[in-house]
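Data first, discussion second: the structure below is written as structure tokens.
The values are calculated or read from the model by the stated rules, or taken from the named source; none is laboratory data. Computed from a prediction, not measured in an experiment: that's the story for all the values here. All Cβ positions, glycine included, derive from the backbone under ideal geometry; neighbour counts span all protein chains shown. The accessibility values were calculated without ligands, DNA or RNA, using every heavy atom of the protein model including side chains. Shrake-Rupley method; radii C 1.70, N 1.55, O 1.52, S 1.80 Å.
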Amino acid sequence: MEILDSSIAAEVADQLLQIQAIRLQPEKPFTWASGWKSPIYCDNRLSLSFPAVRDLIKENLVKSIQHFYPEAEAIAGVATAGIPQGALIANDLKLPFIYVRSKPKGHGMENMIEGKVRPGQKVVVVEDLVSTGGSSLKAVQDLKNAGFEVMGMVAIFSYGFSVADDNFEEAGIKLVVLSNYEAMLPRAVEKKYISDEVLKSLETWRKDPANWTP
């Protein structure tokens, strides 16, 4: 995993905290679908309701693609949260946009990938959030199965789990994020969303989320 720029990572984290797209609640943990208890909940879809934050994210995802994937020929959003971000980016870059469903459409053409599909195109995948990387990399494989050349992925935020790094490395997919858990924590302390004492608990969670207890 790479970050576009450390100052951008801090700024994006600040904005996500401010609009409560990132919520830190270690005293009353969230429960993920996996059953993990989590002190953080991240819903980057909220950024779409705030034009200044939306523009900040869009502009820096565009910069990420221009810098790391200058040969991109199409943008692919991952359903559902990656769809609006991907469409905004594709519009700025003047590139075709497609999106990948989590499962085939249940009627009509029963498409897995929506949009004009031309096998062999060089595609960059857009995600809003990366946790373990499982669903993100499934979308990558679906695109490969359809004949695309997947150059890599960009995302707004990552929890920075080592298992995600391992999964992306094993898949041979480059991941570039605007911000991540490590960049967010010091901003949360500085802006007084959490205390130094809570910080220790949050650092422990990221190292072993499956066994973390508040």
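Which length gain, in nm to one decimal place, applies between Q141 and Q18 when the Cα-Cα distance is subtracted from 0.36 nm times their residue separation?
Fully extending the segment from Q141 to Q18 adds 40.8 nm.
Going by average Cβ neighbours within 10 Å, how do the peptides 196-207, 61-72 rank, with the highest at the top?
61-72, 196-207
Carbon and sulfur together cover what percent of the accessible area of region 26-92 at a 1.4 Å probe radius?
The value for region 26-92 is 53 percent carbon and sulfur by accessible area.
All other residues with a Cβ under 15 Å from the Cβ of T204 taken together, and with Lys, Arg as +1 and Asp, Glu as -1, what is their net charge?
That sum, taken over residues with Cβ under 15 Å, equals -2.
Just the number, please: carbon plus sulfur as a percent of the accessible area of region 111-214, 1.4 Å probe, no ligands or DNA/RNA counted.
Percent of accessible area from carbon and sulfur atoms in region 111-214: 46.
Calculated from DSSP H runs of 4 or more alone, at -39500 (n - 2.57) each and per residue, what is the 222 nm mean residue ellipticity of the chain, nearest 500?
-12500 deg cm²/dmol
Apply 1/(1 + (r/R0)^6) to the Cβ-Cβ distance of D55 and A79, taking R0 = 30 Å, and write down the FRET efficiency to the nearest 0.05.
Once rounded, the FRET efficiency stands at 0.85.
Under 11 Å from the Cβ of A9, count the other residues' Cβ atoms, weight Lys and Arg +1, Asp and Glu -1, and hand me the total.
With Lys, Arg at +1 and Asp, Glu at -1, the net is -4.
Using semi-axes √(5λ) of the Cα gyration tensor in Å as the read-out, say which of (1) 24, 21, 16; (2) 30, 19, 15; (3) 28, 21, 16 was calculated from these coordinates.
Of the listed options (1) 24, 21, 16; (2) 30, 19, 15; (3) 28, 21, 16, (2) comes from this structure.
Kyte-Doolittle mean at least -0.5 and Cα extent at least 15 Å along the axis: which DSSP H helices of the chain qualify?
Within the chain the helices that satisfy the rule are 6-18, 51-68, 82-93.
At F30 and S162, where each label point lies 7 Å from the Cα along Cα→Cβ, what is the point-to-point distance in nanometres?
The answer from the label model is 2.4 nm.
Considering only protein heavy atoms, what per residue accessible area in square angstrom results for region 38-160 with a 1.4 angstrom probe?
Here the residues of region 38-160 average 44 Å² of exposed surface.
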